[in-house]
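Q: My questions will all concern the structure given below.
The values are calculated or read from the model by the stated rules, or taken from the named source; none is laboratory data. As the structure is a prediction and not an experimental result, all values here were calculated from the model. Using ideal geometry, Cβ is built from the backbone for each residue, glycine included, and neighbour counts are taken over all protein chains shown. These area figures cover heavy atoms from the full protein model, side chains too; ligands, DNA and RNA do not enter into them. Shrake-Rupley method; radii C 1.70, N 1.55, O 1.52, S 1.80 Å.
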Amino acid sequence: MSAKKIDIFDTTLRDGEQVPGCKLNTKEKIELALALENLGVDIIEAGFPISSPGDFASVQEIAKVITNATVCGLTRAVQKDIEVAAEALKLAKRPRIHTGIGSSDIHIKHKFNTTREVILERATAAVKLARNFVDDVEFFAEDAGRADLQFLAKLVETVIAAGATVVNIPDTTGYCLPHEYGSKIAYLMNNVPNIDKAILSCHCHNDLGLATANSIAGAVAGARQIECTINGIGERAGNTSLEEVVMIIKKHQDLNLYTNIKSEQLNPVSRLVSDTMRMPVQPNKAIVGCNAFSHSSGIHQDGFLKEALTYEIIAPEEVGADTSKIVLTARSGRSALAHRLLKLGFEYNRNDIDVLYQEFLKIADAKKEVEDSDLKEMANAYVAVGI
Ligand code: KIV
Ligand code: ZN
């Protein structure tokens, strides 16, 4: 069976930009949009045009410069929102309007103070109106993660009948477990009669740290689009991390899925987003954290120096990261010490290393990380006086 393409829908500039303190100006947004297009993302969600004149201008300018990717603008299921988004997207080569409304009873009752029937009507009207402006309309069923499954299926069927080309099933609150989210997608794939007329999309939040796992479970169950952000940034605990889903799909060929992302650009784009948004990446972040390719325990360093595959499932160059790093600490062993000393031009036999290792441990206990300058000083002292 041939592998299935997963469209990567990047929402760094919309959901990602909802992070407190990460406001971007239009120039910065254009720079990031071009980097995302270059990375190979299929759809760039450029903003929420009605939300502010600045966001409108950003979507409009991004629509002008992006040539290959689809450019998408978010709206509520509200006439004015849709008209404004259509205006902002007028010059896009491939415009998409992303409209939607709450689908869980919690949202229907507390946010909209209405009924399921009215939600179906408003969803239909929004999709139909958006289709008057563009051929590509995505509908989001907000809080689908907590929605009644039969009602969700009815809503999906209704918006596809109204002309939606993509239906987004957001786990807005990051509540679902992977097997639940996967079952939800499988249920929709098997029970919505017109499902072959649209594709399902996963949009998962990370409140329980499950956004990536849920998105992969959704793709395995039949969704063909994953919505994500660079470095997993986004509202509250963030969104699905683009670099994580891309590398899971790349490394697990058994999933029989693929994306068009150029993985060697993942680290450069991660750094660009982090610097532009002034939002540091946690050191242990998968794929793009500064420790993702660092080895610090003696057991790991010994194995890694014999064969990198023992402790690395990804080669750093595959994701554009710096070379793997052996960090010398009090947990390091003799082989890492000998290896680093050799790199610095000091060649020793086993007995010398045994002696030097005791010196090394004294330095390592006093410092967090032993630097090359410490090692040179130690080695030179050993040569001079035999320590
Ligand atoms: O999390 C969510 O439900 C959203 C929608 C607006 C797509 O971001
Ligand atoms: Zn979201």
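Q: Relative to the first principal axis of the alpha-carbon coordinates of the chain, what is the inclination of helix 350-366, with its axis defined by its Cα atoms, in degrees from 0 to 90 and to the nearest 10?
A: 60 degrees
Q: Can you tell me the 0 to 90 degree angle between the C-alpha axis of helix 266-277 and the longest principal axis of the chain, rounded to 10?
A: Once rounded, the angle reads 70 degrees.
Q: Shape verdict for region 210-340, please, from the Cα gyration tensor: rounded (a/c under 1.5), prolate (a/b greater than b/c) or oblate.
A: Prolate, because a/c is 1.5 or more and a/b exceeds b/c.
Q: Too long at a 30 Å Cα-Cα cut-off: which of K27/K262; K5/K93; K29/K80; K90/K250; K5/K184; K80/K111?
A: With Cα atoms farther than 30 Å apart: K90/K250.
Q: May I pose another question? Counting pairwise Cα distances across region 75-232, what percent come out greater than 22 angstrom? If you can, show how the numbers build up before the last one.
A: Working: 4637 of 12403 pairs.
It works out to 37 percent of all Cα pairs.
Q: Leaving out ligands and nucleic acids, note down the accessible area per residue over region 282-387 with a 1.4 angstrom probe, in whole Å².
A: Each residue of region 282-387 exposes 59 Å² on average to a 1.4 Å probe.
Q: Turning to a different aspect of this structure: Put F48, F9, F140 in order of accessible area, largest first, 1.4 Å probe: what do you get?
A: Listed by decreasing accessible area, they come as F48, F140, F9.
Q: What is the calculated FRET efficiency for I106 to H179, with r their C-beta to C-beta distance and R₀ = 22 Å, to the nearest 0.05?
A: About 0.50, to the nearest 0.05.
Q: Amide H to amide H under 5 Å from S294: which residues, 5+ apart in sequence or cross-chain, H placed 1.01 Å off N in plane?
A: K325
Q: How big is the chain on each of its three principal axes, counting only the C-alpha atoms and giving the largest first in Å?
A: 86, 42, 41
Q: Under 22 Å between alpha carbons, and skipping anything fewer than 8 positions from K306 in its own chain: which lysines qualify?
A: K325, K343
Q: Once you place label points 7 Å from the Cα toward the Cβ at A3 and N190, how far apart are they in nm?
A: 2.7 nm
Q: Provide the per-residue ³J(HN,Hα) series for region 193-205, in order, calculated from phi with Karplus coefficients 6.51, -1.76, 1.60 and θ = phi - 60°, each as a whole number of Hz, with x at glycine and proline positions.
A: x, 9, 4, 5, 8, 8, 10, 8, 10, 9, 9, 10, 9
Q: Here's another thing I want to ask about it. Let me have the relative contact order for the chain, percent, based on Cα pairs under 8 Å that are six or more residues apart.
A: Value for the chain: 13 percent.
Q: Right, another one. If you place +1 on the Cβ of every Lys and Arg, -1 on the Cβ of every Asp and Glu, and leave all else neutral, what size is the dipole of the chain about its Cα centre, to the nearest 20 Debye?
A: Charge dipole, the chain, about its Cα centre: 520 debye, nearest 20.
Q: Heads up, I need the accessible area for I50: 1.4 angstrom probe, whole protein in place, Å², nearest 10.
A: Solvent-accessible area, nearest 10 Å²: 50 Å².
Q: On to the next question. Report, to the nearest 10°, how far helix 372-385 tilts away from the longest principal axis of the Cα atoms in the chain, using its own Cα long axis and a range of 0 to 90°.
A: 10 degrees
Q: Please give, to one decimal in nm, the separation of the simple spin-label points placed at K325 and R350, each 7 Å out from Cα toward the Cβ.
A: 3.3 nm
Q: Want the number for S51 to F133: 0.36 nm per residue separation, take away the alpha-carbon distance, what's left? Could you put the intermediate results ahead of the total?
A: Working: separation 82, 0.36 × 82 = 29.52 nm, distance 1.93 nm.
Going from the current span to full extension adds 27.6 nm.
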